[in-house]
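The structure under discussion appears below in the form of structure tokens.
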Amino acid sequence: MSINAARMGYVSDGQAVAEAAGARQRGSNLATAKQTEAPTSNTGRYEQSSTLSTVLVMQNGQIKEIPVKKGVGTAAHIDALTITMPELVFNQSLDAVTDDEVAGQISGTIYEIMGYGLSSAARGRNGYSMSYLMGTERVSYGYVAFGGSQQRETVCIHFTGTGLMAAQDGWEHRLYQFLQDFAPNARITRCDLAHDFIEGEYTPEQALKDWESGLFTSRYTKPVAECVGSDWLSGTNRGKTLYIGSRKSSKYCRIYEKGKEQGDEQSKWVRFELELKNKDIIIPHDILINPGQYLTGAYPICEQLFKNHKEQIARIELKKKQETVGIEHCQKYASMQASGFLNYLHNELNLTKEEVFDFVVNPVAKVPKRLDTSVYFCNNLTVPFMHERRRLTYSIDELLDKIGDEFDSKTKCKLRHMTFEEYKNAMYADVWKEARYYMTPQEILNPKREWN
């Protein structure tokens with residue numbers, strides 16, 4: 001594809017992506033498509049070859065790709081998400097001035113979309129001078145970061161998989177509508193798409209065969225692959241993971257045994273996960289409500305796996321599955337670590353089961369993290385949010401007093417009265433040799449007072 005041809009698909013801003021994609025559908029010359037034939041699998045499972053279209057556009061002088069949409073939007077769910085947008089989106093009236101006020105504005109907006117807000121301040125990250133946590137330090141829902149001379153007055157919002165799992169149902173559509181209405185120029189800088197094979201319908205071993213057959217080759221260059229986990233060579237039941245692509249590239253795929261990762265050695269649960277980053281691609285807002293279409297269009301194998309999926313496993317069922325695995329994991333290790341001592345108390349010391357329970361159990365011990373219900377439901381969070389416990393704005397007098405105190409503390413030396421003993425000693429110190437000829441004792445002892 002020539003540069004001139006790419007310029008025909010020029011997109012001045014990331015949010016013209018939807019228009020560019022629509023133009024491609026209508027056969028417009030706004031974007032140029034190239035076709036790549038996907039080889040068929042040698043496994044006998046896939047009889048029909050797949051064709052992928054790649055739409056290239058210009059953004060900020062660089063050629064970028066728009067991910068392909070295929071299949072149905074519900075064939076995947078979003079497992080991690082990072083969005084960057086102007087700070088003015090949350091502070092259009094410029095009422096918020098201090099960091100805490102800006103955080104309060106952001107917290108209230110995120111609460112309306114996700115069901116939770118910002119909980120506490122933290123150190124800066126990713127080049128931003130300030131950051132605030134969502135959730136708790138124990139159960140992280142993500143963070144919000146802003147501030148910094150090099151960040152062009154933007155806000156970075158990152159949601160973890162836990163934060164998206166615990167959010168109120170329908171957050172995808174609420175967030176999509178918010179971006180359309182208030183932040184059309186917001187950039188999705190990272191989005192992880194996942195599909196779960198609860199019964200092991202697709203495995204890392206099969207993915208490796210499909211990679212060898214070229215079914216993960218969406219262009220001309222075959223991506224690198226890496227097998228991780230002791231189970232590839234020995235039966236440790238700790239799980240296998242297949243990574244496809246470079247961690248630094250725009251597309252990075254991992255197929256891993258999710259159930260075994262969670263601690264269930266007998267689980268068949270496999271997760272197919274695609275990590276998209278906006279290095280060489282533009283991630284459109286539409287991915288929030290149609291994640292399955294973008295996962296299906298990522299590789300030839302994805303089209304064959306997901307095109308006919310009507311929907312991903314229901315979120316409530318996924319939560320139940322993860323909670324069940326967590327209970328089994330905790331029960332296993334609790335039994336391994338404590339059974340011998342409990343048997344000793346019951347069999348050797350003749351304590352009843354109730355007495356053993358009272359003797360061993362600490363009533364104030366925290367629930368294991370993987371069994372904390374706030375992992376699955378944000379309504380069970382017990383922390384106050386910043387928009388609830390803080391005033392969103394200061395009065396002019398309060399603001400001037402707050403900023404003035406901070407300014408004075410950094411630039412002015414606070415004077416204090418000296419004792420008479422300090423005065424006598426100072427009279428013989430080098431620093432006072434000249435001052436004592438021009439200042440009276442009263443002026444030295446009371447430096448703020450004006451004397452007639």
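The values are calculated or read from the model by the stated rules, or taken from the named source; none is laboratory data. Note that the structure is a prediction, hence the values are computed from the model and not measured. Neighbour counts run over all protein chains shown; Cβ positions are idealised from the backbone, glycine included. For accessibility, only protein heavy atoms count, side chains too; no ligands or nucleic acids. Shrake-Rupley method; radii C 1.70, N 1.55, O 1.52, S 1.80 Å.
Taken over the stretch 241-257, the criterion of being part of a loop (DSSP other than H, G, I, E, B) and farther than 18 Å from Q206 by Cβ is satisfied by S246, R247, K248, S249, S250. Is it the case that K260 is touching a residue at least 40 places away in the same chain (Cβ under 8 Å), open to solvent by 20 Å² or more (accessible area, probe 1.4 Å) and not in a loop (DSSP other than H, G, I, E, B)? So K260 fails the test.
Confirm whether R238 is under 15 Å from G259 (Cα atoms) and either at pLDDT below 95 or assigned to a strand (DSSP E or B) (or both). Criteria met by R238. Of all residue pairs spaced 6 or more apart or on separate chains, those with beta-carbon atoms under 8 Å, a first member in the stretch 176-190 that is open to solvent by less than 60 Å² (accessible area, probe 1.4 Å) and a second member that is in a helix (DSSP H, G or I) and hydroxyl-bearing (S, T, Y) are F178/T109.
Considering the stretch 210-240 alone, what residues qualify as being under 18 Å from A298 (Cβ atoms) and surrounded by 15 or more Cβ atoms within 10 Å (Cβ to Cβ)? Residues satisfying the conditions are D210, W211, S213, G214, L215, F216, T217, S218, P223, A225.
So the check is Cβ under 7 Å with 6+ separation or different chains; which pairs have a first residue in the stretch 366-379 that's farther than 13 Å from T136 by Cα and open to solvent by 40 Å² or more (accessible area, probe 1.4 Å) and a second one that's assigned to a loop (DSSP other than H, G, I, E, B) and at pLDDT below 80? Note: no pairs meet the criteria.
Residues in the stretch 120-131 that are open to solvent by 10 Å² or more (accessible area, probe 1.4 Å) and on the phi < 0 side of the Ramachandran plot: S120, A121, A122, R123, G124, R125, Y128, S129, M130. Within the stretch 144-165, being open to solvent by 30 Å² or more (accessible area, probe 1.4 Å) and of a type in the set (G, A, S) holds for G148, S149.
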